[in-house]
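Asks: Can you read through this structure? Questions will come right after.
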Amino acid sequence: MAGAADGGLVLPGDVESVGRYLTAAKAESTRRAYDADFRAWSTWARQRGFSPLPAADAAVAAYLAALSDAGASPRTIARRLSGIGHAHREAGHPSPSEHPGTREVLRGIRRTAARDGRRPRKARALDTQTIRALVEDLPAGVAGVRDRALILTSFALALRASDVCGLDVTDLAPAGHGGPDVTIRWSKTDQEGSGEVLALAPGVRARTCPVRALQAWVEAAGLTGSSGPLFRSVGRGARPRIGRTRMARSSVRLVLRRAAERAGVPLDGLSPHSLRRSFATEGYKAGVSERELARTGRWASVTTMRGYDASSRWADPASARLGL
């Protein structure tokens, strides 16, 4: 049935189109996270006799406080609040996440956590020597070839797990700098898909050259001249089957941890984000300009990028120049 809108007609097909584009406005992973956060809130609210939607601001504030008392991190609590707010906005209700009292409670939770020494854990940065160790002892076979290419490419281009898993074969293009241009079609900070083209330069060692590693994977997986996902699953056996779908982001963590265990690299603080933080740290140490580091890593804020650098605080500290 058609509906009236400002004197006109909204047809069923119009509503379907609007809904489709509203869905596309958020990444699938973001929608899943929002749904999970709202379900968690709904369960707690019903147990306490509150209405989950629309929610009373005082009830949401009590929920945030309960999460903090239970040991949840401020980051987790802020994400839960975002999920609650998203559900309210979708339903046409005022968002509790925008209420001044709720924001003040969240601010107090963050200050309390900082005072108690509960700060967000950062991924551990690795030096280039450790990155080499991760890939030099990978097992023979197609899976090892893939893992080498994935680790080296992620480190060399400061890729997130979502970035590297989102690459397609056609995102690689020959270039004049000795390696391919790599197109990042969309990312966490580029949800509208403006895209960025990055230059993947050859390395100085054959075993750890990201360009050679990437080409070896393309050839071993039979992806030359094809399309579809670049990094895929690899089956087991003498003649492993190459999957057709792209690797899940969670698989990047498994690849990295398996490589670390083989190389004897400690696992504490190691995550896919370690490769991105390592890029910033090693880039600073090598004297790469902040402009180029920010461009490759696609950091909009230099302040944020500097937070990824684990070397600056001791490389040339100001306190050493005070003549004490």
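The values are calculated or read from the model by the stated rules, or taken from the named source; none is laboratory data. Only a predicted model underlies this, so the values are computations on that prediction, with no experimental measurement involved. We place every Cβ from the backbone using ideal geometry, glycine too, and count neighbours over all the protein chains shown. For the accessible areas, the whole protein counts, side chains as well, though only heavy atoms, and no ligand, DNA or RNA atoms are used. Shrake-Rupley method; radii C 1.70, N 1.55, O 1.52, S 1.80 Å.
Asks: How many residues does the range 197-224 contain that are of a type in the set (Lys, Arg) and either assigned to a strand (DSSP E or B) or touching a residue at least 24 places away in the same chain (Cβ under 8 Å) (or both)?
Replies: Within the range 197-224, residues that are of a type in the set (Lys, Arg) and either assigned to a strand (DSSP E or B) or touching a residue at least 24 places away in the same chain (Cβ under 8 Å) (or both) number 2.
Asks: Now for a separate question. Tell me which residues, restricted to the range 38-61, are part of a helix (DSSP H, G or I) and within 30 Å of the chain's Cα centre (by Cα). Steps first, please.
Replies: Our first condition is that a residue be part of a helix (DSSP H, G or I); within the range 38-61, this holds for 38-47, 57-61.
Those that are part of a helix (DSSP H, G or I) and within 30 Å of the chain's Cα centre (by Cα): Phe38, Arg39, Ala40, Trp41, Ser42, Thr43, Trp44, Val60, Ala61.
So that you can scan it fast, the table gives a plain yes or no per residue for (1) closer than 18 Å to Leu152 by Cβ; (2) modelled with pLDDT under 90; (3) of a type in the set (Asp, Glu):
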position	(1), (2), (3)
Ala216	yes, no, no
Leu223	yes, no, no
Gly237	no, yes, no
Thr245	no, no, no
Val252	yes, no, no
Arg257	yes, no, no
Leu270	yes, no, no
Arg277	yes, no, no
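Asks: Among the candidates Ala123, Ala133, which residue alone is under 22 Å from the mean Cα position of the chain (by Cα) and either polar (S, T, N, Q) or closer than 23 Å to Ala260 by Cα (or both)? So that I can check it myself, show each step before the final result.
Replies: Numbers: Ala133 fails: under 22 Å from the mean Cα position of the chain (by Cα).
Criteria check complete, one pass: Ala123.
Asks: Quick check on my filter: what residues within the range 159-176 are of a type outside the set (A, V, I, L, M, F, W, C) and modelled with pLDDT of 85 or more? So that I can check it myself, show each step before the final result.
Replies: As a first pass, look at the range 159-176 and keep what is of a type outside the set (A, V, I, L, M, F, W, C): 160, 162-163, 166, 168, 170-171, 174, 176.
Residues satisfying the conditions are Arg160, Ser162, Asp163, Gly166, Asp168, Thr170, Asp171, Pro174.
Asks: Additional query: Looking at the range 225-278 only, could you name the residues that are hydrophobic (A, V, I, L, M, F, W, C) and without any contact (Cβ under 8 Å) to a residue 60 or more places away in the chain? Before you say what the answer is, go through the steps one by one.
Replies: Residues of the range 225-278 that are hydrophobic (A, V, I, L, M, F, W, C), as a first pass: 230-231, 234, 238, 242, 247-248, 252, 254-256, 259-260, 263, 265, 267, 270, 275.
Correct list: Ala238, Leu254, Leu267.
Asks: Within the range 239-254, is even one residue more than 15 Å from Leu134 (Cβ to Cβ), assigned to a helix (DSSP H, G or I), touching a Cys at 6+ places or on another chain (Cβ under 6 Å) and not hydrophobic (A, V, I, L, M, F, W, C)?
Replies: Within the range 239-254, the subset more than 15 Å from Leu134 (Cβ to Cβ) is 239-251.
Adding the requirement that they be assigned to a helix (DSSP H, G or I) leaves 249-251.
If we keep only those that are touching a Cys at 6+ places or on another chain (Cβ under 6 Å) too, we end up with 249.
Those left that are additionally not hydrophobic (A, V, I, L, M, F, W, C): 249.
Yes, that holds for at least one residue.
Asks: Filter the range 119-146 down to the residues that are over 17 Å from Ala201 (Cα atoms) and polar (S, T, N, Q), then identify the one that is surrounded by the fewest Cβ atoms within 10 Å (Cβ to Cβ).
Replies: Filtering first and then ranking leaves Gln129.
Asks: Which numbered condition trips up Val288, out of (1) within 17 Å of Thr128 (Cβ to Cβ); (2) at pLDDT 95 or above?
Replies: Val288 satisfies all of (1) within 17 Å of Thr128 (Cβ to Cβ); (2) at pLDDT 95 or above except (2).
Asks: With the requirement that a residue be open to solvent by 40 Å² or more (accessible area, probe 1.4 Å) and in a loop (DSSP other than H, G, I, E, B), what does the range 288-307 give you? I'd like the intermediate steps shown before the answer.
Replies: The initial filter retains those residues of the range 288-307 that are open to solvent by 40 Å² or more (accessible area, probe 1.4 Å), namely 288-292, 295, 300-304, 306.
Of everything in the range 288-307, those that are open to solvent by 40 Å² or more (accessible area, probe 1.4 Å) and in a loop (DSSP other than H, G, I, E, B) turn out to be Val288, Ser289, Ala300, Ser301.
Asks: Right, another one. Any residue in the range 168-188 that is closer than 22 Å to Leu270 by Cβ and assigned to a helix (DSSP H, G or I)?
Replies: Looking for residues that are closer than 22 Å to Leu270 by Cβ and assigned to a helix (DSSP H, G or I), one finds none in the range 168-188, hence no.
Asks: Out of the range 106-146, which residues are small (Gly, Ala, Ser) and part of a helix (DSSP H, G or I)? I'd like the intermediate steps shown before the answer.
Replies: Of the residues in the range 106-146, the ones small (Gly, Ala, Ser) are 108, 113-114, 117, 123, 125, 133, 140-141, 143-144.
Within the range 106-146, Gly108, Ala113, Ala114, Ala133, Ala143, Gly144 meet the criteria.
Asks: Next question, about the same structure. Restricting the first residue to the range 105-134 and requiring it to be aromatic (Phe, Trp, Tyr), which pairs with a second residue that is open to solvent by 30 Å² or more (accessible area, probe 1.4 Å) and in a helix (DSSP H, G or I) meet a Cβ separation below 9 Å and a spacing of at least six or different chains?
Replies: Within 9 Å, no pair qualifies.
Asks: Looking at the range 147-160, which of the residues that are in a helix (DSSP H, G or I) and open to solvent by 20 Å² or more (accessible area, probe 1.4 Å) is nearest to Arg207 (Cα to Cα)?
Replies: Step by step, filter the range 147-160, then rank; the result is Arg148.
Asks: How about the range 268-287: which of its residues are open to solvent by 50 Å² or more (accessible area, probe 1.4 Å) and either in contact with a His (Cβ under 6 Å, 6 or more places away or on another chain) or among the aliphatic types (A, V, I, L, M) (or both)?
Replies: Within the range 268-287, Ala286 is the sole residue that qualifies.
Asks: Name every residue in the range 194-246 that is touching a strand residue (DSSP E or B) at 6+ places or on another chain (Cβ under 9 Å), within 29 Å of Ala294 (Cβ to Cβ), open to solvent by less than 40 Å² (accessible area, probe 1.4 Å) and of a type outside the set (A, V, I, L, M), in order of residue number.
Replies: Gly195, Pro229, Phe231, listed by residue number.
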